[in-house]
Amino acid sequence: MGLNLVRLRSYSWSTGWRRFAAATLAGGALLLASSCGGDGPSGRETADSQTLVLRRGLGGQPGSLDPQRAEDAFSYDVLRDLYEGLTASSPDGEVIPAGAISWRVDDEGRRYSFALRREARWSNGDPVTAADFVSALRRAMDPATASGAADLLRAIENAPAILSGKRPVEDLGVRAPEDHLLEIRLARPVPYFLDILTNTIASPVHKSSLAEGGGFSKPGTTVTNGPYQLTELTPGANMRLTRNPHYWDASSVTFDKVRYEFVADENAEFSRFRAGELDVTNTVPEPRFEQLASEPGSGLQHRAWLATFYFTFNTDRGPLRDKPVLREALSLAIDRTAITTGVTRAGQVPAFSLVPTGVWNYTPAQYAWQAHSQEQRIARARSLYATAGYSATRPLRLRLLYNENELIQKVCIAIASMWKEALGVEVELIQMEFKAYLAARSDPAQWDVVRVGWTADYNDASTFLDTMTRDSPQNFGHWLNDQYAGLLASAAEESDPMRRRETLQQAEALMLADYPLLPVYFYVTRRLVQPRIAAPAINPMNRTYSRYFRIAE
């Protein structure tokens, strides 16, 4: 069903909110198994084999194994095993050397010189050269590739003009002066550029993949430069990766094989984990989170990550346009702690900013009333609501749009109930299936408030703050503020980390004070890990590399 209207006219939050407790939440799953012709619970491929197999749950089949065309999280998970870019992300979220052993940055912060590992090899034994990176980066910017992640590399010299078809890909600011020296020139300083390069779009490609008859999803044929290579793919079921014997750091890789099981249903994945068929899950059903958290030895691991669940207000038209006082009242009326403890109930963290805590070199701005009690917030919300001209006899009427999802619906019902109880707001809940929701979200004529989520592309505050600029496709409410845009532009040109941080904090504080959005909570990533597996720390960007898993001692 494409559209579902739920008209909420009266609902008591204080008496009814507990009915809407959340459903299930996710983690990540790895699996060691063994049987004749398969991979058994011992982690050996067969009873008498010494082959170690790591089995991971994956929430769906990857959409693409082409590093420059992949656009979904499932693809990224697998690509991090198959390819290695210039830099990588450690389990702690630190940018570390990968395909490049070292680099130098000029005084202006615009020219990067990468020294590539001379011992790095493709899975067929060919050396990995700077030319492989040049061809990949040009391909990423080529309009013909139509890469959905190309914007991540827009800071490279001439990238915008190439993406728009105004210049040839050969004009991109990348070159290979030597086989093991790569030079990248930026149009402006980007302090987090090394972090951007950890994204799979910046992975090199082997010339055979681009040749006629080549490709990126051919088991036993596709050539990769990461710890693993693709050896088997069963559509709709699973894929098998085998250790790349030519990988430069192969001696540090524990598992000989990685088997990804495609399990879209999180409850089915949980059952397979409990049956010993998986070693690490991709998700944890939310209704089971509290139970698992209280069980010693359940294998539950979780942490907050750089992602925010929030609502955007329509500042382009409708009753919330030019009404920051009214938007503030709506934000004050929401009890975020009640939502995370009574509705989602899976470790989520109440949010009072767009940028999550834990972002590199940044302390999020906060609302001035964050330290106030909920009673104080409600009192101020009612005062502001009255100041804006609304009352019990003249209630504010809003349309709230969200995508079809059990947990999201519960959160939206809770939000609407809080507005109704605290202020008397009449809310029309509009639920749509995901594809229809995406189209409607981009049309402010269809809603007054819309549910949004944003996950960091790189570990920097700008990946969140840039979503509220004039040209951002994520700025669904069409909020415009020239001072905000000016602060972000200044931060983009600032090379001093401290001054840049202060400028970004000023920008976020200014934006929050105008209330174009309503942060609700920061996401938490969760997974289940079998006791025989020594798992790395959960990466703050939720990036999991199979090479970091070990057998528990």
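Can you compute the label reach from residue 208? Point 7 Å from Cα along the Cβ direction, backbone N cut-off under 14 Å, restricted to region 99-132. Residues passing the 14 Å test: 121-128. Residues within the reach of a label modelled at residue 113 (point 7 angstrom out along Cα to beta-carbon, backbone nitrogen below 12 Å), restricted to region 166-184, are 177-178, 181-184.
Of the GluC sites (Glu not before Pro) found in region 409-482, those in coil by DSSP whose Cβ has at most 15 other Cβ atoms within 10 Å are 433. Among the listed values (1) 1.02; (2) 1.74; (3) 1.41, the one matching Cα Rg over 2.2 N^0.38 Å as calculated from this structure is (1). Quote the FRET efficiency, to the nearest 0.05, computed for residue 188 versus residue 321 with a Förster distance R0 of 41 Å and r equal to the Cβ-Cβ distance. After rounding, the FRET efficiency stands at 0.75. The residue 397 and residue 363 beta-carbon pair, evaluated with R₀ = 35 Å, returns a calculated FRET efficiency of approximately 0.40.
Each label point was placed 7 Å from the Cα along the Cα-to-Cβ direction; for residue 438 and residue 73 their separation is 1.5 nm. Could you point to the residue in 78, 54, 67 farthest towards the positive end of region 53-99's charge dipole, with +1 and -1 charges on the Cβ of Lys/Arg and Asp/Glu respectively? The residue sitting most towards the positive pole is 54.
The packing ranking of peptides 68-74, 328-334, highest mean first, is 328-334, 68-74, where packing means the average number of other beta carbon atoms within 10 angstrom of each residue. As a length-normalised measure over Cα pairs under 8 Å and 6 or more apart, the relative contact order of region 83-210 settles at 34 percent.
Residue 101 versus residue 496, label points 7 Å from Cα toward the beta carbon: distance in nm? Spacing of the two 7 Å Cα→Cβ label points: 3.7 nm.
In straight-distance terms, cross-link reach from residue 435 covers every one of the aspartates and glutamates whose alpha-carbon lies under 14 Å from its own, apart from those fewer than eight places away in the same chain; here that gives 404, 443. Simple spin-label estimate for residue 161 and residue 405 gives 4.1 nm between the two label positions (7 Å along the Cα-to-Cβ direction from each Cα). One chain, two ends: residue 379 and residue 179. Fully extended at 0.36 nm per residue, the span grows by 65.3 nm beyond their Cα-Cα distance.
Between the Cα long axis of helix 482-493 and the first principal axis of the chain there is an angle of about 20°, rounded to the nearest 10.
When the C-alpha to C-alpha distance is required to be over 32 Å, the pairs from 166/207; 323/410; 218/410 that qualify are 218/410. Ranked by the mean number of other Cβ atoms within 10 Å of their residues, highest first, the peptides 406-416, 215-225, 365-375 come out as 406-416, 215-225, 365-375.
For region 83-210, a crude dipole built from +1 on the beta carbon of Lys and Arg and -1 on the beta carbon of Asp and Glu, taken about the Cα centre, is about 340 debye to the nearest 20.
Region 429-495 and region 64-109 have Cα centres spaced 25 Å apart. Listed values for region 508-513 are Karplus-derived 3J(HN,Hα) couplings in whole Hz (6.51 cos²θ - 1.76 cosθ + 1.60, θ = phi - 60°), namely 5, 4, 5, 5, 4, 5, and x replaces Gly and Pro. Here's how it looks for residue 244: its modeled amide H is under 5 Å from those of 228, 229, which are all 5 or more places away or on a different chain. In terms of the mean number of neighbouring beta-carbon atoms within 10 Å, the peptides 192-202, 286-296, 533-543 order highest first as 192-202, 533-543, 286-296.
No lab work stands behind these numbers, since they all come straight from the coordinates. All of these numbers come straight from a predicted model, not from anything done at the bench. Quick reminder, even Gly has a Cβ in these numbers, built from the backbone with ideal geometry, and neighbours come from all protein chains shown.
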